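The values are calculated or read from the model by the stated rules, or taken from the named source; none is laboratory data. What you see is a predicted model; the values in this text were computed from it and never measured. In this analysis, Cβ positions are derived from the backbone assuming ideal geometry, glycine residues included, and neighbour counts consider all displayed protein chains.
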6 protein chains.
Amino acid sequence: MRHDGRRADELRPITIQRPFDSAAPGSVLISAGQTTVLCTASIEESVPPWKKGKEPISGWVTAEYSMLPGSTAPRKARRADGRSTEIQRLIGRSLRSVVDFEALGERTIVIDCDVLRADGGTRTLSITGGFVALCAAIATLPDPLVDRPILKGSIAAISVGVVDGKPVLDLDYHEDSTADVDLNVVMTGVGTYVEVQGTAEGQAFPRGVLEAQLDLAEGGIVALTELQRHELGGSFPGA
Amino acid sequence: MRHDGRRADELRPITIQRPFDSAAPGSVLISAGQTTVLCTASIEESVPPWKKGKEPISGWVTAEYSMLPGSTAPRKARRADGRSTEIQRLIGRSLRSVVDFEALGERTIVIDCDVLRADGGTRTLSITGGFVALCAAIATLPDPLVDRPILKGSIAAISVGVVDGKPVLDLDYHEDSTADVDLNVVMTGVGTYVEVQGTAEGQAFPRGVLEAQLDLAEGGIVALTELQRHELGGSFPGA
Amino acid sequence: MRHDGRRADELRPITIQRPFDSAAPGSVLISAGQTTVLCTASIEESVPPWKKGKEPISGWVTAEYSMLPGSTAPRKARRADGRSTEIQRLIGRSLRSVVDFEALGERTIVIDCDVLRADGGTRTLSITGGFVALCAAIATLPDPLVDRPILKGSIAAISVGVVDGKPVLDLDYHEDSTADVDLNVVMTGVGTYVEVQGTAEGQAFPRGVLEAQLDLAEGGIVALTELQRHELGGSFPGA
Amino acid sequence: MRHDGRRADELRPITIQRPFDSAAPGSVLISAGQTTVLCTASIEESVPPWKKGKEPISGWVTAEYSMLPGSTAPRKARRADGRSTEIQRLIGRSLRSVVDFEALGERTIVIDCDVLRADGGTRTLSITGGFVALCAAIATLPDPLVDRPILKGSIAAISVGVVDGKPVLDLDYHEDSTADVDLNVVMTGVGTYVEVQGTAEGQAFPRGVLEAQLDLAEGGIVALTELQRHELGGSFPGA
Amino acid sequence: MRHDGRRADELRPITIQRPFDSAAPGSVLISAGQTTVLCTASIEESVPPWKKGKEPISGWVTAEYSMLPGSTAPRKARRADGRSTEIQRLIGRSLRSVVDFEALGERTIVIDCDVLRADGGTRTLSITGGFVALCAAIATLPDPLVDRPILKGSIAAISVGVVDGKPVLDLDYHEDSTADVDLNVVMTGVGTYVEVQGTAEGQAFPRGVLEAQLDLAEGGIVALTELQRHELGGSFPGA
Amino acid sequence: MRHDGRRADELRPITIQRPFDSAAPGSVLISAGQTTVLCTASIEESVPPWKKGKEPISGWVTAEYSMLPGSTAPRKARRADGRSTEIQRLIGRSLRSVVDFEALGERTIVIDCDVLRADGGTRTLSITGGFVALCAAIATLPDPLVDRPILKGSIAAISVGVVDGKPVLDLDYHEDSTADVDLNVVMTGVGTYVEVQGTAEGQAFPRGVLEAQLDLAEGGIVALTELQRHELGGSFPGA
């Protein structure tokens, strides 16, 4: 039993509000327990300079991640740091992995993930919610010129870790701060890996512990994918 | 009749959600029509360097203002500009005007105003909502050591302008972008002025037009103060 | 009687040297009492990127404000801060309000206001002197292609405040630092308002006090406009 | 057979020059094929502010990573970017995982990894070489006050990937630029994991492919550890 | 004969206004032909961090150099660049060479050199005028605690160059822009060298040409020192 | 006799490794005693914006200078400072003095000088070694379109100073830190001056001392030029 009564393989309760107060075509307020992220997807009718004029014509997806000052106590100062940069690079890479840039056409979708409340797992929740915002924005686009859908699949992410010597799923801040291992897994809806990022916090861990964590993560991703599919209905890729 | 059916002296519908997803002791999601601002009030048990060790011991209140990228279409890039700096200085000055710093004691309250959706009037709504967040945060503090309340009064703000030659209250973006005059008024709950900032956008305006706008603003402030009093109940100053 | 012997409605003695050591087509060294600002107006044969290629072809006016390190004691460090940014935005807006951008043609005039000595009222003196530099620079331009003068009118600015409970005109630093209200007024030569910026420093003020200050400011603007007209002679708009 | 004749499980030839031109107590020029990194370890008799005065007294290890402009063609501009920040955070975390900070005492060791020539695998070579520089610097320190060695173990890193559908060890730039998966593994000399960072470059990959890559990496780490042990002799932890 | 009628060994006419509008204890407006620099000397009762608490107690002198935007046509953008940094380092070094820091005591004098109009020779005129401002500021200080004067001597600077194949003294911008050699010389009032900075602009120059320029510079320094002595009267070192 | 046994006119032993680990067409590891600099010359097929489209078509040469953190003890923080900027401006000017930009054609050569170990004389060694890297890079270019060689001559640099009252050549850090004068001389292979930068560190120096130092420098440059000629063989200009 975990400190909040969850089983080792149990996600925190997840809620999604969509659309949420925003001027962006895709906007999602997603919460997992006490962690809340506002994900908005904005569409710009241009591409980065290094893409301009390149054949075949194609688009781009990028992400920005930020924690609002009131998301933690004590208050977090408002400035980009190494951690934020690293996280937004992860979010961008993850979301790009399921986008067909030629089908997207010459436009950029920017996913902004602003953490309103941080209680662990903000980067993985940003990916899971960012994907929903991305789908919502894409649903507002005209049909692509090429004969392929813009989205090649779905994407979700979850954290696992080793707490008190036992692998557990979806750590909150309390667990995260004492975990021996911190592993973030980004997977597609069909169960293949997009990113695996594991870090020994205290002590290096053997192969067997890595495998046990990957098993837990796969179960979490199945549940999150189901939730995305339910939320998005006909906008879910391949629906 | 205005483009959205309002009378010249009519505010947009206002909603307040409190507390809203945040780790801060004061948190308010305030909307006026399509404009939405998340105001959080964080308490830090320290003061700026230039206050340290100065007698009598006293605290400080400061504000930060930012527009989330998805708050406008097209998306607003995430960076401090002159406009933001100017607005957060205004918010800070306005909120400080009703705080007794000695009663506050050696701590700093930071009011963060993050605009989720921008449809005109973000700076005045930030002040009106920021005051509610400030009160909520102060309500969590122990009694001051001095025999005075921390808050000396209430504060609210509203914009007025001249649209199609007629003074109107609480402009939305559509009105604001064609207004001849843009006037922001910050007043206390007892009807005195804290800030008056008027700018001729197109053509300089005569004294009479200034007076007519001030009249409209006073009416708006009365309504906003009533709303704050109702929302805060026993936490409203002097309640 | 004020601490320097002036009446409540009396300006400090003003001197103007023109042209002053500079390579710019407009250059003015303006002093009000102990406050001295060097205003230069430079002409660039280009416009900001967001104006380029836009029909109808038109120009732009912008301003920069800075305090030289030796302008105050103790010495002021040389770096842009929020206050400077706010002030230069005010100066730019004020000067733009009397310029016909189509008559100006595809060029930018930059007004640089560098404070050599600061004894209160630097922002308003920058506007009053900046207008003279602007006129001087415009006088060097060829006739506009359109059948309208470049300048639609004149502009001047003055501060008023409440010191020891009494409204007074044109505060010096000594008065400014103890004033209860600080109000800056920017007006045209025909007595209409371009900017009104009032701030309660100590205590919020009632409508009547605002009105009394506006009365004082109007008198000051009349005197400053007369001074500009005398200095500029045939270069004064409409002369 | 790979493009350079290596087997799938074969490292590039590795050379180490030690000490190398430097004023630092630890300095290593390490090459793997055409990739060369200069790793220096400097000792500072102080700790970061957040460590100062904290009991028990302890030290810190941090890393900086940079690519010299001439390390790539075309030349790489000299400035910190998100990628560099992310890499130096990884190097720092990895090296810290084998250091006993209390045994280190109140000092900071900075590992600087400057890439002289980049042909793939710069971040993992920085860790492998950085560990040698760290050991060399620690060998110059007096005995720790506590009855424990400063180093708890050894650390090395290697990249694996999927090229042309086949898992291969230690990718050079040619392979890396066409790889479907890029996986960096940081392990201790006793075969436990410190970091696992895998990214699907083209297409998400199944669990089986992840396992095959981890197998390859383990073999590479064994060889690198042997090389470190041989190079360091008595300075290798536990030697 | 030079383009402005001067002989090869003739300085431009120099004027000094002192004090000039400023709040600093030393302030000088110095002009050489069309080049004008405002030099102010401010006194701070503190020293840089690296001097604090060091025995024997001593002070510091530093300089900042900046060109006002209107000093050139076209207008010069307001930002620090490599050239400014290099020049202010030269000014600082030059002025420090005649100051006895122990006699100065625990204070810092900052010399700000702001170029109002640039027509060649701004860095040397900044040194010559900066020295006068420095003396003026030092004259306001109480007697030093040690039995030595604060100033060990005087300092002045001048440029020489090779124009149309002939060495000439004190180049204006017209000459400077076509000169083959640009040499700046900083010397004491007793004829010894503090700085020599010579640069071949077009073509490398032989030893004989260097010697001829040094001869010209020595004559210029004698004249400038006389001018400083006359201006400063009893405040000139050793007067 | 000097502290390391050298005569007053004796250079430190110099070694050159070429090419050195780098992806750049020119790369040189040059050492003078304990000072070591890696000089790489990269070729970019473009020119700075202010050169684009200007007739006649011509190229550019620029330099960057940086000290690696481990080049000094204690470790030098990694950031641009005034000193670095000044040095890289000197290196760039010096190398440009022997390049025919029209013969170079529309390309930029960037010389990066990264100091691996600093024991005095890093800026002059950067010039001497940078010239060798520049020649090596130019040797990889196709024949120029104009009928002139790209290099007009050779360039080398050396420091001289006054230590214990005696002029000496090629100061190491120990000598440099106690020298009364620090003079850097950049000369061509035919004995003409490109740069002379002399600074009195302690006390201003008379003309005779300047002359004695220039004599020493000329001898040093002859030896360095011979070394460059030997190293470069047929790539030396005019060989």
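A few comments on the model shown:
- Filtered residues of the stretch E:21-39 (kept if in a loop (DSSP other than H, G, I, E, B), in contact with a Ser or Thr (Cβ under 7 Å, 6 or more places away or on another chain) and of a type in the set (S, T, N, Q)): E:Ser22
- Residue match in the stretch A:177-193 (condition: over 30 Å from D:Thr192 (Cβ atoms), touching a Ser or Thr at 6+ places or on another chain (Cβ under 8 Å) and at pLDDT 95 or above): yes
- For B:Arg2: the one exception among (1) free of Cβ contacts under 8 Å to residues at least 40 places away in the same chain; (2) assigned to a loop (DSSP other than H, G, I, E, B): (1)
A quick yes/no check of all residues on (1) aliphatic (A, V, I, L, M); (2) part of a helix (DSSP H, G or I):
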residue: B:Ala41; (1), (2): yes, no
residue: B:Ser66; (1), (2): no, no
residue: B:Arg89; (1), (2): no, yes
residue: B:Gly120; (1), (2): no, no
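- Single residue of B:Leu145, B:Leu216, B:Leu210 found to be closer than 25 Å to B:Ser31 by Cβ, over 15 Å from the mean Cα position of the chain (by Cα) and of a type in the set (A, V, I, L, M): B:Leu216
- Residue list for the stretch B:174-196, restricted to those being aromatic (Phe, Trp, Tyr) and surrounded by fewer than 23 Cβ atoms within 10 Å (Cβ to Cβ): none
- Taken over the stretch F:177-206, the criterion of being among the small types (Gly, Ala, Ser), at the interface with chain E (Cβ under 8 Å from one of its Cβ atoms) and closer than 23 Å to F:Lys166 by Cα is satisfied by F:Gly198, F:Ala200, F:Ala204.
- Condition met for B:Phe205 (crowded, with 16+ Cβ neighbours inside 10 Å, of a type outside the set (S, T, N, Q) and within 14 Å of B:Gly153 (Cα to Cα)): no
- C:Leu90 satisfies every condition listed in (1) under 12 Å from the mean Cα position of the chain (by Cα); (2) facing chain E (nearest Cβ under 10 Å) except (2).
- Every test in (1) within 11 Å of another protein chain (Cβ to nearest Cβ); (2) among the hydrophobic types (A, V, I, L, M, F, W, C); (3) surrounded by fewer than 19 Cβ atoms within 10 Å (Cβ to Cβ) is passed by D:Ala217 save one, and that test is (3).
- Checking each residue in the stretch D:7-30 for being of a type in the set (A, V, I, L, M, F, W, C), touching a residue at least 40 places away in the same chain (Cβ under 8 Å), out of contact with any Lys or Arg (no Cβ under 8 Å at 6 or more places or on another chain) and over 16 Å from D:Val160 (Cα atoms) picks out D:Ile14, D:Ile16, D:Ile30.
- Any hit, the stretch A:145-155, residues being in contact with an Asp or Glu (Cβ under 7 Å, 6 or more places away or on another chain), within 14 Å of chain D (Cβ to nearest Cβ), outside any helix (DSSP H, G or I) and among the basic types (Lys, Arg): yes
- Here B:His3 clears all of (1) loosely packed, with under 13 Cβ neighbours inside 10 Å; (2) within 13 Å of another protein chain (Cβ to nearest Cβ); (3) within 30 Å of B:Val163 (Cβ to Cβ) except the condition numbered (2).
- Filter pass, F:Gly130 being farther than 30 Å from F:Gly238 by Cα, touching a strand residue (DSSP E or B) at 6+ places or on another chain (Cβ under 7 Å) and more than 10 Å from every other protein chain (Cβ to nearest Cβ): no
- Residue match in the stretch E:109-120 (condition: of a type in the set (A, V, I, L, M, F, W, C) and without any contact (Cβ under 8 Å) to a residue 24 or more places away in the chain): no
- Checked against the criterion of being modelled with pLDDT under 95, hydrophobic (A, V, I, L, M, F, W, C) and under 29 Å from A:Asp176 (Cβ atoms), the candidates A:Ala80, A:Ala41, A:Ala118, A:Ala63 yield just one match: A:Ala80.
- Within the stretch C:6-27, considering residues that are over 19 Å from C:Ile221 (Cα atoms) and within 15 Å of the chain's Cα centre (by Cα), the one surrounded by the fewest Cβ atoms within 10 Å (Cβ to Cβ): C:Ser27
- A:Gln203 satisfies every condition listed in (1) more than 16 Å from A:Leu169 (Cβ to Cβ); (2) at pLDDT 95 or above except (2).
- Of the set (1) more than 30 Å from F:Pro25 (Cβ to Cβ); (2) touching a His at 6+ places or on another chain (Cβ under 8 Å), all apply to D:Pro56 but (2).
- Test result for F:Ser42, of a type outside the set (Asp, Glu), without any contact (Cβ under 8 Å) to a residue 40 or more places away in the chain, within 23 Å of D:Val115 (Cβ to Cβ) and surrounded by 24 or more Cβ atoms within 10 Å (Cβ to Cβ): no
- Test: residue in the stretch C:222-239 that is within 16 Å of B:Ala200 (Cβ to Cβ) and at pLDDT 95 or above: no
Yes/no per residue for (1) touching a residue at least 60 places away in the same chain (Cβ under 8 Å); (2) hydroxyl-bearing (Ser, Thr, Tyr):
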{"site": "D:Gly189", "(1), (2)": "no, no"}
{"site": "D:Leu214", "(1), (2)": "no, no"}
{"site": "D:Gly220", "(1), (2)": "yes, no"}
{"site": "D:Thr225", "(1), (2)": "yes, yes"}
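- Residue in the stretch D:218-233 that is of a type in the set (D, E, K, R), assigned to a helix (DSSP H, G or I) and in contact with a Phe, Trp or Tyr (Cβ under 8 Å, 6 or more places away or on another chain) present: yes
- A:Ser58 in contact with a Phe, Trp or Tyr (Cβ under 6 Å, 6 or more places away or on another chain), without any contact (Cβ under 8 Å) to a residue 60 or more places away in the chain and over 29 Å from A:Lys166 (Cα atoms): yes
- Of all residues in the stretch E:146-163, exactly one satisfies the criterion of being in contact with a Lys or Arg (Cβ under 9 Å, 6 or more places away or on another chain) and surrounded by fewer than 21 Cβ atoms within 10 Å (Cβ to Cβ), namely E:Val163.
- Residue in the stretch B:46-53 that is within 11 Å of chain A (Cβ to nearest Cβ) and either free of Cβ contacts under 8 Å to residues at least 60 places away in the same chain or of a type in the set (A, V, I, L, M) (or both) present: no
- Residue pairs whose Cβ atoms lie under 8 Å apart, sitting 6 or more positions apart in sequence or on different chains, and linking a residue in the stretch D:69-83 that is more than 15 Å from D:Thr122 (Cα to Cα) and facing chain F (nearest Cβ under 9 Å) to a partner that is modelled with pLDDT of 95 or more and surrounded by fewer than 18 Cβ atoms within 10 Å (Cβ to Cβ), are D:Pro74/F:Glu44; D:Arg75/F:Glu44.
- Checklist (1) outside any strand (DSSP E or B); (2) closer than 21 Å to B:Ile138 by Cβ; (3) more than 10 Å from chain A (Cβ to nearest Cβ) applied to B:Ile16, failing item: (1)
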